[in-house]
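As C-alpha cells, the structure follows; a few thoughts come after it.
The values are calculated or read from the model by the stated rules, or taken from the named source; none is laboratory data. None of the values given here were measured: they were computed from a predicted structure. Positions of Cβ are generated from backbone atoms using ideal geometry, with glycine treated the same way; all protein chains shown enter the neighbour counts. We work out accessible area using only protein heavy atoms, side chains counted, and drop any ligands, DNA or RNA first. Shrake-Rupley method; radii C 1.70, N 1.55, O 1.52, S 1.80 Å.
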Amino acid sequence: MSNDLRLGYIGLGNMGAPMATKMTEWPGGVTVYDIRTEAMTPLAEKGASLADSVADVAAADIIHVTVLDDAQVREVVGELAVHAKPGSVIAIHSTIGDTTAVELARELKPRGIHIVDAPVSGGAAAAAEGELATMVGAEREVYERIKPAFKHWAAMVVHAGEPGAGTRMKLARNMLTFTSYVAACEAMKLAEAAGLDLQALGRVVRHTDALTGGPGAIMVRDDMKDLQPEHFLYQPFMHTRGLGEKDLSLALGLGEALSVDLPLARLAFGSLAAGLGVPHTEKET
C-alpha cells in the first residue's frame, strides 16, 4: 500500500529540484509547486503533476517542503494545514532552527497532521541519484509509515527521534563539516608556508579520507563517557591518541619554525585524548 501514497513537493531549488525529480519515479506520483513556473517545467517533462498553489499540494499523503528558512517553513506549513487531511505528513527538509518542527508538530497534532523534520545530507548530485542521507525526526509510527517512500529517494534513512531530532542531528553533522573546513584551511596555510603544492595535498587528503572514512571513522561510540580499559575501543583509541598527539606535536613544531599560527591544531592537541575518552599518556592509565 505504501507505493500508492501520493507525494507532493514544494520548493524546487538546488536541492528540491533533484529530490523532486527522483520522486517522479515513485509509483504513486508526485505533485510539485514552486513560485517560479520555470522551475516546475522540467518536472512536468518527467511526469510530475503541476500545482497552481501551495494549497493544491495539500491533497498529497506526504508533502515534502524545501524552502529557505524558518519563516518560509512556517508560512508554507500554515497554508498546507488549512487544506491537508488528517493523517497527512508534512516533511520539512530545510535546515532550520531545532525548535520550529517541535512547535509545528505540537500545534498540528490535534488535527491529525504529522510534522516530520527530515533534513538531508549529501548534496545535489547525490539527490539526483537517490543517494542522500536523511535524518528523520518523527513519531515512530509515522516514521515506519513513510520510510518506504523515503527510501525511494534516499540511500540512508535514519530515525533520529521525535520531531526536532532530525534537525538537531543535521546541525551536529554540519558543525563537523564546517569545522573541518576551517581545519583544512589551517593545514593549507602550514603547507603553503612549507613550500608545498596545495593541489597535491588536496588530492592526498581526498584519496586517504575515502580509504579511512575521515572523522566518521571514530564516530562509533554509544555515548561520550570516558572509556574503561576493558572497553573494546580503549586500546584502538589509545593507539589513535598516541599517533595523533605525536603528529600534532610535530605539526605544531613545524608551524612554530615557519611562524604559522595553528590555533585549531593546538586545541586538537589539548583535546584529542579527552574527546576520544582515553588518558593523555600511557603513564596515567
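Remarks
- The set of residues in segment 16-39 being part of a loop (DSSP other than H, G, I, E, B) and either without any contact (Cβ under 8 Å) to a residue 24 or more places away in the chain or not assigned by the TED database to the domain that holds residue 164 (or both) consists of 29, 35.
- As a summary of the residue check, residue 98 satisfies the conditions (1) open to solvent by less than 60 Å² (accessible area, probe 1.4 Å); (2) over 18 Å from the mean Cα position of the chain (by Cα); (3) acidic (Asp, Glu) except for the one numbered (2).
- Where residue 257 falls short, out of the listed (1) surrounded by fewer than 14 Cβ atoms within 10 Å (Cβ to Cβ); (2) closer than 20 Å to residue 218 by Cβ: (2)
- Unique residue being out of contact with any Cys (no Cβ under 7 Å at 6 or more places or on another chain), surrounded by 14 or more Cβ atoms within 10 Å (Cβ to Cβ) and in contact (Cβ under 8 Å) with a residue 24 or more places away in the chain when the list is 133, 194: 133
- Residues (exposed (fewer than 12 other Cβ atoms within 10 Å of the Cβ) and among the basic types (Lys, Arg)) located in segment 213-226: 225
- Residues within segment 136-146 that are in contact (Cβ under 8 Å) with a residue 12 or more places away in the chain and charged (D, E, K, R), tallied: 3
- Here residue 210 meets the list (1) in a helix (DSSP H, G or I); (2) surrounded by 15 or more Cβ atoms within 10 Å (Cβ to Cβ); (3) small (Gly, Ala, Ser) almost entirely, failing just condition (2).
- Within segment 55-82, residues that are among the charged types (D, E, K, R) reach partners that are in a helix (DSSP H, G or I) with beta carbons closer than 6 Å, at six or more positions or on different chains, in the pairs 70/100; 79/54.
- Leading residue by the ranking (modelled with the highest pLDDT) among those in segment 273-284 that are in a helix (DSSP H, G or I) and open to solvent by 50 Å² or more (accessible area, probe 1.4 Å): 274
- The set of residues from segment 70-95 being open to solvent by 10 Å² or more (accessible area, probe 1.4 Å) and farther than 24 Å from residue 2 by Cα comprises 70, 71, 72, 74, 75, 76, 78, 79, 82, 95.
- Taking (1) within 19 Å of residue 87 (Cβ to Cβ); (2) not in a strand (DSSP E or B) in turn, residue 8 satisfies each apart from (2).
- Inside segment 101-112, residues that are crowded, with 19+ Cβ neighbours inside 10 Å and over 20 Å from the mean Cα position of the chain (by Cα) make up a count of 3.
- Filtered residue count, segment 147-178, keeping only those that are open to solvent by 40 Å² or more (accessible area, probe 1.4 Å), touching a residue at least 24 places away in the same chain (Cβ under 8 Å) and part of a strand (DSSP E or B): 3
- Considering residues of segment 40-51 that are in contact (Cβ under 8 Å) with a residue 12 or more places away in the chain and open to solvent by 70 Å² or more (accessible area, probe 1.4 Å) only, the residue nearest to residue 153 (Cα to Cα): 46
- On inspection, residue 248 does not qualify as part of a helix (DSSP H, G or I), out of contact with any strand residue (DSSP E or B) (no Cβ under 8 Å at 6 or more places or on another chain) and open to solvent by 80 Å² or more (accessible area, probe 1.4 Å).
- Pairs, first under 23 Å from residue 264 (Cα atoms) and in the same structural domain as residue 267 (by the TED database) in segment 223-244, second of a type outside the set (Ser, Thr, Tyr) and open to solvent by less than 30 Å² (accessible area, probe 1.4 Å), C-beta under 6 Å, six or more apart: 226/277; 237/276; 237/278; 238/278; 241/273; 241/276; 241/278
- Within segment 3-21, being under 17 Å from residue 147 (Cα atoms) and open to solvent by less than 40 Å² (accessible area, probe 1.4 Å) holds for 5, 7, 8, 9, 19, 20.
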